[in-house]
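Everything on this sheet refers to the single structure shown next.
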Amino acid sequence: MKFFKYHALGNDYIIINPANVGEELTPSQVKVICHRNYGIGSDGILFGPLTSEENDFSLRIFNPDGSEAEKSGNGLRIFSKYLWDQGLIQENPFTVLTVGGKVRSQVHAGGREVTVEMGKVSFDSSVIPVEGPPREVLNESISVDGQELLFCAATIGNPHCIIFRDEITAEEARKWGPLIENASLFPNRTNVQFMKILDRNNIQIEIWERGAGYTLASGSSSSAAAAVAHRLGMCDSRIDVHMPGGKIEITIYDDFSVLMKGPVTRIAEGTIANEMFNQPI
């Protein structure tokens, strides 16, 4: 089983081409491949390209816990860079179908940067989903570990909970992230961002990803957090999102469609040994 490994601002993914596997990956295989000690180690697996009748490419995305993710902004940028490196695309825009919807992507700067049209952000509780009556989930309160936290919820093909804080820390994200991810308020679990507004064009976030845990950077998290900041009038439509792994550039249009731009780096490629799958993880 051949693999390729890339990272986008420290958010690392392993790419496995279905043509090199001959069958689908099982959750147990995903878990061991992503394991930092017993496998290669990554924040997830990109399984593609798959054939698509109406789109240029199709992609499945798996979390380290073996579950399947609807969409990943960094994953889509990485997948786009991989397609570029394999000579499957050039500088023209192309489409990628994910479980969370279709995106339009483009590689530029000689393959060093990727722009992705992430789709539209929705704050509708029935779409995200969030328990309770139909509403836009804005400026609500959630009780976590005895604390009342102000939050908004959104989806851009996958669910997000954005927590407002005057100051943010990795320790706080690690402590409260898993509790919020699995709160009964979110039927499908949720990604969590702890957000600090810096000014009209800059925000800072710490990220806890559903099924992956604490993460240095996230494209869909950046998109959701920036959209919330803009929806509440805290930021303009052009926002730089600062994360421990680096910066992603977000542009939000009038209909809350999001354009995301950021770098991608190729790390390595190799072959997975069959004996790796004989370990109970």
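Read-outs throughout are calculated quantities, based only on the coordinates presented, and are distinct from any laboratory measurement. The shown structure was predicted, so the numbers you read here are calculated from the model rather than taken from an experiment.
Observations on the structure shown:
- Euclidean distance between Cα centres, segment 21-96 to segment 225-281, Å: 14
- For segment 198-251, share of DSSP beta bridges that run antiparallel, in % to the nearest 5: 75
- For the chain, built as a Gaussian network whose Cα springs stay under 10 Å, the top-fluctuating residue of Asn202, Asn139, Asn92: Asn92
- For the listed residue pairs Lys81/Lys175; Lys31/Lys196; Lys175/Lys247; Lys102/Lys175, the alpha carbons are over 30 angstrom apart in Lys81/Lys175; Lys31/Lys196; Lys102/Lys175.
- Gain in span if fully extended, Asn37 to Lys102, counting 0.36 nm per residue against the direct Cα distance: 20.0 nm
- Within the chain, the ratio Rg/Rh, alpha carbon atoms throughout and Rh by Kirkwood, equals 0.96.
- Given their separation in residues at 0.36 nm each and the Cα-Cα distance between them, Ala19 and Glu53 gain 10.5 nm when the chain is fully extended.
- Kirkwood Rh and Cα Rg combined as Rg over Rh, evaluated for segment 117-239: 0.92
- Mean sequence separation of contacting Cα pairs (under 8 Å, at least six apart), scaled by the length of the chain, corresponds to a relative contact order of 20 percent.
- Relative contact order (percent, whole number), segment 71-204, Cα cutoff 8 Å, 6+ residue spacing: 17
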